[in-house]
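Just below is one structure, and these are the notes that go with it.
The numbers here are math on the coordinates, done by the rules we state, and not lab data. In this text the structure is predicted, and so the values were computed from the model without any measurement. Backbone-built Cβ (ideal geometry, glycine too); neighbour counts: all protein chains shown.
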Amino acid sequence: MLLSVYYTVVQWLQQHMLSCPSKKYLHIECPGCGFQRSAIALLKGDFYSSFILYPATIPILCMLGFTVLHLKYKFANGANVLKYLQISIAIVIVVFYIYKIINHKILA
């Protein structure tokens with residue numbers, strides 16, 4: 001029963017993905033393009049496809065989880081950890097976007 005609900009939710013998410021305004025109007029992918037597809041692949045348990053679609057998905061979700069824990073338990077160095085996580089995730093996003101530009105994968 002619970003597994004059936006889970007698959008229904010994943011199917012619903014696949015059918016109701018938001019469109020990227022940059023891709024829709026400018027025909028160029030933005031640095032965030034691929035996150036939704038990557039998150040859905042992750043929900044399906046396909047870690048490899050998730051990483052290939054958008055490498056920053058797993059670190060972003062880990063950072064969000066750590067943020068929730070930090071807000072609840074007030075870790076001593078939590079703010080510094082979050083700062084470095086944000087910087088490293090930004091670097092991953094920029095490097096991946098540059099990779100897509102170099103390999104001509106940003107045009108829709």
Straight-line reach from residue 23: which lysines have a Cα under 26 Å away, not including same-chain ones fewer than 8 places off? 44, 100, 105
Using alpha-carbon pairs under 8 Å, 6+ residues apart, how would you state the relative contact order of the chain in percent? 27
Dipole magnitude of the chain, debye to nearest 20 (Cβ charges: Lys/Arg +1, Asp/Glu -1, about Cα centre): 140
Placing each pseudo-label 7 Å from Cα in the direction of the beta carbon, residue 44 and residue 103 end up separated by a distance in nanometres of 1.9
Using all Cα-Cα distances in the chain, what percent lands in each 5 angstrom bin from 0 up to the longest? 2, 11, 16, 18, 18, 15, 11, 6, 2, 0
The rounded separation in angstrom of the Cα centers of segment 13-40 and segment 46-94 is 20
Arranged from highest to lowest average of other beta-carbon atoms within 10 Å per residue, in what order do the peptides 35-42, 13-20 appear? 35-42, 13-20
Which one of 47, 7, 89 has its Cα pushed farthest toward the positive end of the charge dipole of the chain, where Lys and Arg give +1 and Asp and Glu give -1 at the Cβ? 89
Once whole DSSP H runs in the chain are found, which of them have Cα atoms spread over 30 Å or more along the helix axis and a mean Kyte-Doolittle score of at least 1.6? 78-102
